[in-house]
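The values are calculated or read from the model by the stated rules, or taken from the named source; none is laboratory data. Note that the coordinates shown come from a computational prediction; the quantities given were computed from them, not determined experimentally. Heads up, the Cβs are rebuilt from the backbone with ideal geometry, glycines too, and the neighbour counts pull from every protein chain shown. Accessible surface is based on the protein model in full, side chains and every heavy atom, while ligands, DNA and RNA are left aside. Shrake-Rupley method; radii C 1.70, N 1.55, O 1.52, S 1.80 Å.
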Amino acid sequence: MCGIVGAIARRNVADILLEGLKRLEYRGYDSAGMSLIDGPDGEIVTIKTVGKVARLAAAASDEGASGRLGIAHTRWATHGKITRANAHPHESGGRLSLVHNGIIENHEELRRQLRSKGYEFTTDTDTEVIAHLIHQELSGDEGASLLDAVSRALGKLRGAYGLCVIDRRQPDRIVAARNGMSLVVGAGIGENFVASDTPALGQVTDRFLYLEDGDLAELTSDSIRIVNQGREIEREIATLSGKVSDMDKGSYQHFMQKEIFEQPRAIRDTLSGRVSGERALEEAFGVDAGEIFDQVRQVQIVACGTSFHAGLVAKYWLESIARMPCQIDIASDYRYRDIIVQPGTLFVAVSQSGETADTLAALRYANGLEHTATLAICNVATSSLVRESDFCVLTMAGQEIGVASTKAFTTQLTLLLVLAIVLGRRNGLSSEDEARLVRDMNRLPALVEKTLGLDRQIRKLSRQFSDKHHSLYLGRGIQYPVAKEGALKLKEISYIHAEAYPAGELKHGPLALVDSDMPVIVVAPNNDLLDKLRSNLSEVSARGGKLYVFADESIGLENDRNHKVIKLPGCPEVLDPILFTIPLQLLAYHVAVIKGTDIDHPRNLAKSVTVE
Ligand code: F6R
């Protein structure tokens with residue numbers, strides 16, 4: 001995912017920009033660049049390199065680059081190959097330079113219009129059209145401020161952007177704009193900054209303004225002005241001195257607890273640049289993704305543990321949304337099977353760490369197959385899985401430290417749902433249905449936040465589990481993998497034996513286990529299988545089993561002698577697997593707290609399983 005840093009000061013900002021880019025390296029990138037202007041009569045100096053920020057830093061030092069105004073960028077290729085020319089910043093007419101995160105959907109049409117007006121294109125990127133559009137606005141009205149020209153140019157764009165632009169003829173300002181991609185302004189004393197994320201500016205300020213969609217910001221060294229739809233806006237400055245970093249538990253008792261509560265942010269970041277208002281953006285999967293997706297006839301998912309559970313959920317989405325056959329295997333099995341691979345198979349390896357030995361071995365096997373493209377869905381940009389797959393898309397969960405995976409799981413699900421939509425579009429999914437699904441997805445962070453509000457209730461409930469030795473988790477259909485994930489969470493951190501079953505399988509064996517000492521945990525969304533699930537609940541009650549039901553509030557299930565009901569906020573059906581996971585994570589966590597286990601480092605387990 002691309003990263004942006006900008007700075008305006010009374011000192012040389014080159015090192016501030018480079019340090020900012022280094023701090024954004026975790027987002028993943030393939031090339032880097034920066035533009036600097038030094039003083040009122042300065043030229044724009046642009047330096048770009050393919051590869052690491054360290055290479056850009058070396059090139060900048062060789063050139064003795066310096067400037068009091070500058071913008072910088074790390075690029076994750078979407079439109080156009082990984083080349084120096086395609087790296088940002090992009091210039092127009094020798095006076096403007098611009099960096100951009102996001103995807104411009106109508107860039108081809110704009111490119112044609114700009115060409116007919118004499119603009120020459122030197123890159124394959126969608127971004128270059130923005131630079132030329134702004135240049136066109138400035139050339140047509142020499143007295144126009146950069147902010148006004150940017151505002152007019154943005155009116156012609158369709159898509160998502162976070163961007164920063166500088167103009168040689170107005171060298172006392174940076175203009176930044178946000179629509180669908182995160183962008184923050186960092187306030188300093190006699191200097192101001194902008195970046196795609198706060199960590200990029202941690203070395204220069206702890207005071208931030210969070211831009212909102214539609215905001216345009218004009219930064220000089222002494223002022224920050226924000227305009228939205230032509231009106232001046234005040235945005236509050238937040239001081240993040242006590243900011244919790246990924247490596248710091250902050251006010252939380254455990255990393256796992258912190259990571260559970262980070263999920264609204266993690267999902268929001270993962271959606272950013274992957275969906276716009278009503279479309280899933282296939283470009284987010286990389287430059288060649290569209291061509292690869294055109295060839296896909298079926299999907300093979302391979303993963304381990306929690307990531308495998310994400311794949312199990314995705315199978316339902318791929319079948320129902322993409323109408324595509326999907327096979328899912330545990331990586332340690334896949335690598336030793338006599339697999340029959342059909343031409344046109346998309347191999348998807350899902351992993352938080354990207355270093356799980358079995359998943360990597362399966363990927364390497366798939367890389368050797370003909371007619372199979374390999375896609376990594378991963379949380380670590382520098383991992384072996386990302387480097388060795390044909391293409392990849394990163395979950396933006398941030399570093400996950402607790403051994404029990406939480407935010408990685410829900411962000412994997414988020415991307416797998418985007419994948420199902422992107423493949424579905426080629427297989428009969430209508431644009432109305434796509435728009436509805438994407439609108440639902442955009443509600444996800446807020447719904448997760450609301451579901452986390454059940455924390456106190458679940459903490460109370462957890463007291464009834466801590467003396468138990470066994471438990472049964474039930475779900476039907478797409479909720480069966482959710483039940484499996486809930487059971488895995490409970491067993492790995494509380495050491496209580498937990499078994500998950502598809503609820504319809506109960507009477508084929510596990511019902512024999514049910515008695516008053518066996519808690520039965522059920523996930524009950526409001527879907528077509530609800531009536532069947534109710535019958536399964538009756539089977540348990542009739543045998544004296546104690547039920548704990550996590551139920552959609554709309555199904556009208558109330559507490560009684562046999563049921564303890566925790567009500568979840570109603571949500572679009574497609575989001576059920578993600579939302580119903582949250583209370584199960586919380587339940588496992590609180591039971592483990594009561595049991596006093598080492599929650600972040602459960603016995604016998606490692607965060608990254610790099611051996612077979
Ligand atoms: C469970 C858990 C593990 C991992 C598994 C795969 O909470 O974290 O089951 O999911 O070891 O790891 P990754 O996703 O890194 O490949």
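So what's the net charge close to residue 252: Lys and Arg +1, Asp and Glu -1, counting the other residues with Cβ under 11 Å from its Cβ?
Working: positive: 249, 258; negative: 248, 259, 262, 600.
In short, -2.
In square nanometres, what is one fourth of the surface area of the convex hull spanned by the alpha carbons of the range 264-349?
Working: hull surface 27.0 nm².
For the range 264-349, the mean projected area of the Cα convex hull comes to 6.7 nm².
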Return the distance in nm (one decimal) between the two label points of a simple spin-label model at residue 248 and residue 387, each offset 7 Å from Cα along Cα→Cβ.
-> 3.1
Run through every distinct alpha carbon pair of the range 557-612 and return the Kirkwood hydrodynamic radius in angstroms, one decimal place.
-> 14.5
Find the Cα radius of gyration of the range 85-133, compare it with 2.2 N^0.38 Å by division, and give the number to two decimals.
-> 1.02
When only alpha-carbon atoms count, how far does the range 166-271 stretch along each of its three principal axes, as whole angstroms with the largest first?
-> 51, 28, 23
Over 18 Å (Cα to Cα) - which of 468/564; 258/489; 468/546; 315/532; 450/491 fall in this group = 315/532; 450/491
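Excluding residue 505 itself, what net charge comes from residues whose Cβ is under 14 Å from its Cβ, given Lys and Arg +1 and Asp and Glu -1?
Numbers: positive: 476, 484, 507, 532; negative: 499, 539.
Residues near residue 505 contribute +2 overall.
Calculate what fraction, in whole %, of the accessible area of the range 1-107 sits on carbon and sulfur atoms when a 1.4 Å probe is rolled over the protein chains.
Numbers: 1760 of 3570 Å².
Carbon and sulfur together cover 49 percent of it.
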For the range 286-435, inverting the pair-averaged 1/r of distinct alpha-carbon atoms gives a Kirkwood value in Å of 15.1
Which ³J(HN,Hα) values in Hz, rounded to whole numbers, follow from the phi angles of the range 81-86 under the Karplus curve 6.51 cos²θ - 1.76 cosθ + 1.60, where θ = phi - 60° and Gly and Pro get x?
-> 5, 7, 9, 4, 4, 7
Once the Cα gyration tensor of the range 1-152 is diagonalised, semi-axes √(5λ) in Å = 24, 20, 12
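Leaving out ligands and nucleic acids, note down the accessible area per residue over the range 479-520 with a 1.4 angstrom probe, in whole Å².
Details: 1560 Å² over 42 residues.
In whole numbers, the range 479-520 has 37 Å² accessible per residue.
In whole percent, how big is the carbon plus sulfur part of the accessible area of the range 243-333, probe 1.4 Å, protein atoms only?
Details: 1660 of 3500 Å².
Exposed carbon and sulfur together represent 47 percent of the surface.
Per residue, how large is the accessible surface of the range 394-441? Use a 1.4 angstrom probe and give square angstrom. Before the final figure, lay out each step's value.
Numbers: 1120 Å² over 48 residues.
Here the residues of the range 394-441 average 23 Å² of exposed surface.
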Hey, how many Å between the Cα centroid of the range 491-512 and the Cα centroid of the range 161-183?
-> 55
Would you calculate the separation in nanometres between label points at residue 605 and residue 240, each defined as 7 Å from the Cα along the Cα-to-beta-carbon direction?
-> 2.9
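Could you give the C-alpha radius of gyration of the range 352-474 expressed as a fraction of 2.2 N^0.38 Å, taking N as the number of residues it contains? Before the final figure, lay out each step's value.
On the way: Rg = 18.7 Å, N = 123, 2.2 N^0.38 = 13.7 Å.
Here the answer is 1.36, to two decimals.
Report the charge-dipole magnitude of the chain in Debye, nearest 20, computed about the Cα centre from +1 at each Lys and Arg Cβ and -1 at each Asp and Glu Cβ. If you can, show how the numbers build up before the last one.
Working: 69 positive and 80 negative charges, 232 e Å.
Once rounded to the nearest 20, the dipole reads 1120 debye.
Please give me, ordered by residue number, the trypsin sites (Lys or Arg not before Pro) of the range 1-99 that lie in loop per DSSP and have at most 10 other Cβ atoms within 10 Å. Working shown, then result.
Values: sites: 10, 11, 22, 23, 27, 48, 52, 55, 68, 75, 81, 84, 95; in loops: 10, 11, 52, 68, 81, 84, 95.
Counting only loop positions with at most 10 other Cβ atoms within 10 Å, the trypsin sites (Lys or Arg not before Pro) in the range 1-99 are 10.
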Once both labels are modelled 7 Å past Cα along the beta-carbon direction, what's the residue 450-residue 62 spacing in nm?
-> 5.6
How long, wide and thick is the range 425-505, going by the Cα atoms along their three principal axes, in whole angstroms, largest first?
-> 51, 32, 20
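Tell me, what % of the accessible area of the range 343-475 is carbon and sulfur with a 1.4 angstrom probe?
Its accessible area is 47 percent carbon and sulfur atoms.
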Would you compute the Debye intensity of the chain from its alpha-carbon atoms alone, equal scatterers and no solvent, and pass along log10 I(q)/I(0) at q = 0.06, 0.08, 0.10 Å⁻¹ to two decimals?
-> -0.34, -0.59, -0.89
Quick one: divide the alpha-carbon radius of gyration of the range 42-99 by 2.2 N^0.38 Å and tell me what you get.
-> 1.12
Sorted largest first, the C-alpha extents of the range 396-552 along its principal axes in whole angstrom are 50, 37, 24
Kindly provide the pair-distance distribution of the range 263-314 built from C-alpha pairs, with 5 Å bins from 0 and whole-percent values in order of increasing distance.
-> 4, 15, 15, 22, 28, 14, 3
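Tell me, what is the FRET efficiency for residue 427 and residue 124 to the nearest 0.05, using R0 = 35 angstrom and their Cβ-Cβ distance as r? Show your work: numbers first, answer last.
On the way: r = 28 Å, r/R0 = 0.79.
Efficiency at R0 = 35 Å is approximately 0.80.
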Within a Cβ distance under 14 Å of residue 476, other residues only, what is the Lys/Arg minus Asp/Glu net charge?
-> -3
On the full set of protein chains, 1.4 Å probe, figure out the accessible area of residue 267 and give it in Å² to the nearest 10.
-> 0
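How big is the Kirkwood radius of the range 97-192, worked out from every pair of different alpha carbons and given in Å to one decimal?
Details: mean 1/r = 0.0716 Å⁻¹.
After inverting the pairwise mean of 1/r, the radius is 14.0 Å.
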Determine the distance separating the Cα centre of the range 441-486 from the Cα centre of the range 256-314; give it in Å without decimals.
-> 22
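State, to one decimal in nm², a quarter of the convex hull surface area for the C-alpha atoms of the range 464-612, i.e. the direction-averaged projected area. Mind dumping the intermediate values first?
Values: hull surface 38.2 nm².
With the hull built on Cα positions only, its mean projection is 9.6 nm².
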Computed from the beta carbon distance with a Förster radius of 56 Å, FRET efficiency for residue 117 and residue 367 to the nearest 0.05 stands at 0.80
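At R0 = 35 Å, how high is the FRET efficiency between residue 265 and residue 532 if r is their beta carbon distance? Nearest 0.05 is fine. Don't skip to the end; give the middle numbers.
Details: r = 36 Å, r/R0 = 1.03.
The pair residue 265/residue 532 has a calculated efficiency of 0.45.
With every protein chain kept in place and ligands, DNA and RNA left out, what is the accessible area per residue of the range 38-196? Probe 1.4 Å, answer in Å².
Working: 5850 Å² over 159 residues.
Result: 37 Å² of accessible area for each residue.
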Note down the accessible area of residue 63, probe 1.4 Å, to the nearest 10 Å².
-> 120
Using Cα centres only, tell me the gap between the range 361-428 and the range 5-43 in whole Å.
-> 30
